[in-house]
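Every number in this text was worked out from the coordinates using simple rules, so none of it is lab data. On a predicted model such as this, the values are computed, not experimentally measured, just so you know. Note that each Cβ is placed from the backbone with ideal geometry, even for glycine, and that neighbours are counted across all protein chains shown.
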C-alpha cells in the first residue's frame, strides 16, 4: 500500500492543492515533507491519518482522532481526496462532494466518498470534546468520555450516514479481510498482510515511568489507522512482554537496538521481579529505560516501533522526526529508517526542518510545501 496523491481544497494553508508523492507517477517509498512552520506539514499528516480511517468498514466516532485542544481536521477541510495504490489498483478516499473527485485515466479506481462525516464529527466535537464532564481526563481517553456522556452522539445518525462507494467490488477481498480482523487481537509478529497506517506525533515520543505489579501483556488490537500513544504503547511494557512471550524475538530485538540505536549504552536485561528494563552505560552503571534523555527516548521509540510494525502494507507517518535529536542522532535515525524501509518494503512519510535529514533524500523525494502552496 502506498500514498500516491493528496488533493486538498480549503484546509489550513491549502486552498486548491495537489500534493504528489510519486516520482513521475511511480510510487515512492521514502518521502520527506519540508517547509517552514505554518507550511502545512502537520495538516498533511492529519488528513492522511484521519482519512485513512475510511478504510474501516465499521467506522465509528471511536475510531476518529479527536483532540480537545484543537478542531478535528475533517471538520476544517472542505474537500480532500487521498489516492492509495493497493495491488496495482487505486483506492481513492474522498472527503466532501463527489463532484470534485479526480479520476485516474491509467488504472482501475474505486472510491469511498464520505461527506456526512464532517457535520457529524463537528456535532460530537462541539457537544462532547470541547465541553468534557471531567477536564482532567487524558486526551487519549476520548473513547471513555464517549462511553460515559457521548453515546447519543455515536448512535444518532453516525451509523446511518451516507457513504457513497464506486467500483467497490475490485477491493472486496481486502474489505472482507479488514472487517474480519478489526478490533480483534493481532499478532504483531505476523500481521497477515493487513493494511496499517501508523502515526508518530512529535510530542508523544516519550517513555513514561509506568510501573507494573504483574507481567504486562501486549493486547494490541487491529486498527487500520493507529496513533502512537506513550501510555497505550508503553515501551517498557512492550519490551518486558516480549522478553516473557517471545524470548528469541526479544534477544534479536535487543541485539539490534544495542548495535544500531543506542550509543555508549545498551539494553542489558529485563529485571523480571520488578518488570523493569535495565539500561547499562559504558561505565557499567545501570538505570531504568525511563531515565534516558528525551532524544534517546524519541530515537528508541521510533526505531523499535518501526522494527516491529513496519510491513509491505504499512504506511508510517512521522511528524518532526528531528525534534529533540542532536545532528548525530538525526543521522542515526535516518540510517535506521532507510534500513527498515529496505528490509520491510513499507512506505515512510516524515516531516523535518533539518538539512541533516534532507541529505538522506533525493531531490524528487522531498516535497517542499512552501513551493507547493504558492
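Stretched out fully, how many nm does the piece from residue 104 to residue 86 gain, at 0.36 nm a residue minus the Cα gap?
5.1 nm
Say we join alpha carbon atoms closer than 10 Å with springs in a Gaussian network model of the chain; which of 195, 27, 273 then has the biggest fluctuation?
Highest fluctuation among the options: 273.
Once the Cα atoms of helix 41-52 and of the chain are each reduced to a long axis, what angle between those two axes, in degrees from 0 to 90 to the nearest 10, is obtained?
70
When the Kirkwood radius is taken over all Cα pairs of the range 32-115, what Stokes-Einstein diffusion coefficient follows at 37 °C and 0.692 mPa s, in µm²/s? Please report the intermediate quantities before stating the final value.
On the way: Rh = 14.2 Å.
The estimated diffusion coefficient comes to 232 µm²/s.
Which log10 I(q)/I(0) values, to two decimals, does the range 239-374 give at q = 0.15, 0.16, 0.18 Å⁻¹ under the Debye formula with one point per Cα?
Taking Cα atoms of the range 239-374 as identical point scatterers yields -0.79, -0.88, -1.07.
When each pair of different Cα atoms in the range 271-326 is counted once in the 1/r mean, what is the Kirkwood radius in angstroms, to one decimal?
Every distinct Cα pair counted, the radius reaches 13.4 Å.
What's the extension gain from residue 18 to residue 312 if we count 0.36 nm per residue and subtract their Cα-Cα distance?
Additional length available on full extension: 103.3 nm.
Which one of 62, 72, 50 has the biggest mean-square fluctuation once the chain is modelled by GNM with Cα springs under 10 Å?
62
FRET efficiency for residue 232 and residue 345, Cβ-Cβ distance as r, R0 = 30 Å, nearest 0.05? Numbers along the way, then the final one.
Details: r = 27 Å, r/R0 = 0.89.
Taking R0 as 30 Å, the efficiency between residue 232 and residue 345 is 0.65.
Rg and Dmax of the chain over Cα atoms: what are they, in angstrom?
Values for the chain (Cα only, Rg and Dmax): 20.8, 65 Å.
Between the range 40-102 and the range 248-284, how many Å separate their Cα centres?
So the two Cα centres are separated by 39 Å.
Could you work out which residue, out of 314, 294, 104, moves most in a Gaussian network model of the chain, that is, has the largest mean-square fluctuation with Cα springs under 10 Å?
Ranking 314, 294, 104 by mean-square fluctuation puts 104 first.
What nm value, rounded to one decimal, do you get for the distance between residue 209 and residue 126 when each label is placed 7 Å out toward the C-beta?
4.4
With r as the distance between the Cβ atoms of residue 268 and residue 335 and R0 = 25 Å, compute the FRET efficiency 1/(1 + (r/R0)^6) and round to 0.05.
So, using R0 = 25 Å, E works out to roughly 0.60.
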